[in-house]
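The values are calculated or read from the model by the stated rules, or taken from the named source; none is laboratory data. Just so we're clear, the structure is a prediction, and the values are computed from it rather than from any experiment. Cβ atoms come from the backbone with ideal geometry, glycine included; neighbour counts cover every protein chain shown. Accessible surface is based on the protein model in full, side chains and every heavy atom, while ligands, DNA and RNA are left aside. Shrake-Rupley method; radii C 1.70, N 1.55, O 1.52, S 1.80 Å.
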Amino acid sequence: MALEAIKGEEPLIQIAERFDVHPNQITKWKRQLLDGAAVVFGRTRRLQRRAPASPSSMPKIGELTMENDFLSGALGRMGGTSAKR
């Protein structure tokens with residue numbers, strides 16, 4: 001969804017309606033993707049040397065886990081392939 005929002009091929013509201021997600025959530029994911037794209041796509045070696053997750057990162061991990069669970073359920077309601085394998 002964030003990639004579709006970045007592409008700008010269709011209005012954000014249409015993307016939100018298609019995936020049954022609030023437009024503000026897509027905006028948040030778009031911002032997170034843009035802010036973290038260099039880490040995800042450009043600095044893989046640096047990530048490998050990173051220390052294990054600290055206790056302070058656990059709330060964020062929990063939030064992301066909940067978002068993933070929600071999105072996999074939304075994907076299932078669309079009649080598409082399930083995100084869980």
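Some notes on this structure:
- If only residues of the stretch 29-85 that are over 22 Å from I15 (Cβ atoms) and among the hydrophobic types (A, V, I, L, M, F, W, C) are counted, the one that is modelled with the lowest pLDDT is L47.
- Conditions (1) of a type in the set (V, I, T); (2) out of contact with any Pro (no Cβ under 8 Å at 6 or more places or on another chain); (3) at pLDDT 85 or above; (4) open to solvent by 50 Å² or more (accessible area, probe 1.4 Å); number of the one not met by I26: (4)
- Restricted to the stretch 1-23, and to residues there that are in a helix (DSSP H, G or I) and either among the basic types (K, R) or touching a residue at least 40 places away in the same chain (Cβ under 8 Å) (or both), the residue that is surrounded by the most Cβ atoms within 10 Å (Cβ to Cβ) is F19.
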